[in-house]
1. What's the extension gain from A:Ala454 to A:Leu436 if we count 0.36 nm per residue and subtract their Cα-Cα distance?
2. How about region A:141-229: which trypsin sites (Lys or Arg not before Pro) there lie in a loop by DSSP and see at most 16 other Cβ atoms within 10 Å?
3. Given R₀ = 25 Å, what would the calculated FRET efficiency be for A:Asp510 paired with A:Thr487, taking r from the Cβ atoms and rounding to 0.05?
4. For the pairs A:Lys219/A:Lys274; A:Lys34/A:Lys157; A:Lys29/A:Lys351; A:Lys20/A:Lys219; A:Lys389/B:Lys36; A:Lys274/A:Lys389, flag any whose C-alpha to C-alpha distance is greater than 21 Å.
5. Across the protein assembly as shown, how large is the tail of the calculated P(r) beyond 43 Å, expressed as a percent of all Cα pairs?
6. Return the long-range amide H neighbours of A:Val158 (sequence gap of 5 or more, or a different chain), with a cut-off of under 5 Å between placed amide H atoms.
7. Taking θ as phi - 60°, what are the ³J(HN,Hα) couplings along region A:28-37 by the Karplus curve (6.51, -1.76, 1.60), each to the nearest whole Hz, with x for Gly and Pro?
8. If a/c stays under 1.5 just call it rounded; otherwise compare a/b with b/c (prolate if a/b is bigger, oblate if not). Do that for region A:434-560, with a ≥ b ≥ c from the square roots of the Cα gyration tensor eigenvalues.
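Values in this text are rule-based calculations from the coordinates and carry no lab data. Note that the coordinates shown come from a computational prediction; the quantities given were computed from them, not determined experimentally. In this analysis, Cβ positions are derived from the backbone assuming ideal geometry, glycine residues included, and neighbour counts consider all displayed protein chains.
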Amino acid sequence: MHTPTTEARPSIYYNYEVFKPWLASANPKQERKKVVVVGSGPAGMVTALELARHGVPSVVLSAELQFSQGSRAICFTRRSMEILQQVGVADRMTEGGLPWRFGNSFYRGQRVFRMEAPHDADDRFFPIINVQQQFMEEYLHDACKANPLIDFRWGNKVNAVVQKDGYAQLEVDTPEGPYTLESDWVVAADGGRSGIRSAMNLQMEGASYEGFFVIADIKIDLPLPTERLAFFDPEWNPGNTILMHREPNGIWRVDYQLPEGETPEEALRPESLKARIDAQLAMIGHAGLKWEMDWSSVYSARTLTLPDFVHGSVIFTGDAAHLLPIFGVRGANTAFQDAQSLGWHLALVVKGLAGQRLLANHSAERVGAAREIITEAGKSTRFMAPPSKGFRLLRDAVLSLSLTQDFVRPLYHWRTSRPHEYSHSMLNSMGDDNGLFKAGPAHGAPPQNVCLGANDFLLDHLGGGFDLLYFTDASAVPEALQQVIQTARAKGMPLNVIAVGAAQAVTGADQTLPDADGHLRQRYGVPANGGAYLLRPDQHICARWLTLDATRLQAALTTALPQ
Amino acid sequence: MTDKALTIDGLETVYDALATAIDQAGQDKAQLFLVKLALLNANALADEHLFQQQITAALQDL
């Protein structure tokens, strides 16, 4: 019997709702499901929402009866917001969030590096926005609840997953005892300590770092802007690093590295937390300011990934698939990209529109992304928390030099999470004009947003299927192209056509963007009428042409949906 | 390696200056000082491959 706590978690700023468990006895007998998503964090819920967008129903299982404890992930990147916009929760994130774009690194009281993340006038979203994870989970949960294709089950803990021939059998424990659930696919979005991963005895590849960090959220009224603050080797914590972030609702995140040899248990004693937070506040000139503890936890940096995310009927995603350091805000931000990718790849396989090679592509692309992140995050981690004497010596030499020498300062850059470019994806078209473009997003790249008018951006118009941007000022999409599009649609391929550059509605297009000033054409490097871009359902580019013809469109569509 | 090399006089000047600076840095800070110096040299060299060759040379016969 699984008995999750029915007591609301404590929090200064968030009122936890305790949901009712889903009980098998109160529901009809369970037929075999298409997809069961295990875990209701960012990865699980975005996967379910993306699946639903493509018309695929899913069951989402949450072991708990409430959202996760503490703020956890607090910094969300522009690409995450673009993904959250696709599943309908970006407005709520924006409403309660604190956007920012500057980061500062301090050493011996001097600001030795200031990062200014670019904010293009064509971007709807800021480089980063701070929102506590409970709010983000609430917004996603509301979206799931409002969707008739998502069957959300609180208090349902997966005890075992047994792989059968072409499906999996789950033993799901609840407050009234276990029931059995069968599903064609199981999405393991059960987090960094994935029970499914352990039970399947899957090994992750990569490195674990020794240093521990305390993460503490305090309520305090600090007169500081929303910018990232990093302090290196301060007097109160020699050799170690401290990070601070402003959160909504009067909360500040303070992360600090523990002295070597100290255990997490020692570090989380209230008197230890108090002494260190007081010391940090004193160092930044706010000694004695009143504060209250909301939540604390301990973290250690790991750069690990499964080498394959698909195992029989089970697909791993988010932290269950890889463990990434917090430096560079890579946990939830990577999970959103995983989930967005998994959602459409799996949906098209479930619907029979593509073969399992499409899932192999998902795994290859996202494992590639994880490995790229691991390389980048490894650099940040070796600077923030040097793993050996040599790395410490180099880091300390850089700190010392940075007081007077410009050339070392870029080493403070912590390489914020950015979307992976699927440059070598098997879905990219071979015979298009990718190499001939002088501007615009290339093969595999995420889209460049473009401001079309007041509160109107290109990405507002995309998603839910493949998007063909066709640049023309003519009154119709050429007949031969329309025929290819109709044939693909008749086979079930979700494909939207957006005409760009005509003042009037274009026949054969679902939408027309006038692009009167030619700005969208310019950003996408399209010099003349007849150019086109094909975007996948995750908006990454898979083909682009200076002049599109029916044969090459057909070839690109065939490549994008391998059988 | 480049064709440029120190003169004997120049090498002797570097020899004395480096020894004096190591003493000046003191036992606790000598290592840190040398790493800072190596980074400054590497930046002036502006050639990571040449620097790697120097690392290899310096690691010999320790």
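1. Length gained, A:Ala454 through A:Leu436: 3.2 nm.
2. Hits after loop and neighbour filter: A:Lys164, A:Arg193.
3. According to the calculation, E is roughly 0.95.
4. Too far apart for the 21 Å limit: A:Lys29/A:Lys351; A:Lys20/A:Lys219; A:Lys274/A:Lys389.
5. Working: 60308 of 195000 pairs.
Value for the protein assembly as shown (Cα pairs over 43 Å): 31 percent.
6. Amide H neighbours of A:Val158: A:Asp173.
7. Result, ordered by residue: x, 4, 8, 7, 5, 8, 6, 9, 10, 9 Hz.
8. Taking the square roots of the gyration eigenvalues as a ≥ b ≥ c, region A:434-560 is rounded.
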